[in-house]
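Okay, so here's the structure we're looking at.
Throughout, read-outs are computed from the coordinates displayed, never taken from laboratory work. Keep in mind that what you see is a predicted model, and the values were worked out from it rather than measured. No Cβ is skipped: glycine too gets one built from the backbone with ideal geometry, and neighbour counts run over all protein chains shown.
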Amino acid sequence: MVHELEKDFTSGFQENPACSNVKLFRWKIHKDETTDAKFLAANWSIQFNISVQNGELFEADSQWQITDMPRGDNVRFDHIKYADGDMKNPYEAAGRVCRMVKGEGGRSAE
């Protein structure tokens, strides 16, 4: 079920023109040095909250959240950027994620 939602999001990401020049990196459970380096270099993190009821995936009730990953000694956590939304339309969800990454949307944490 989780892989189905991930596949739908990835398809939307690949098809949506808003996602051109944005890279989507999938975290591996069995990490290696290359995986660690890519993760540490990432500017954003995306999470999915999956809604499953009676063994069925409910995309409309599933959520995504993207958060920037600030670095440095003087990080102000009240200026972290994030966006969130539902997964009922993976194409639109991917577009919102990509616009946020490109600095075209979202809001600062309060």
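Numbers below:
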{"read-out": "Peptides ranked, highest mean first, by Cβ atoms within 10 Å: ranges 14-23, 81-90", "value": "81-90, 14-23"}
{"read-out": "Label-to-label distance, nm, for residues given as residue 52 and residue 7 (7 Å Cα→Cβ offset)", "value": "1.6"}
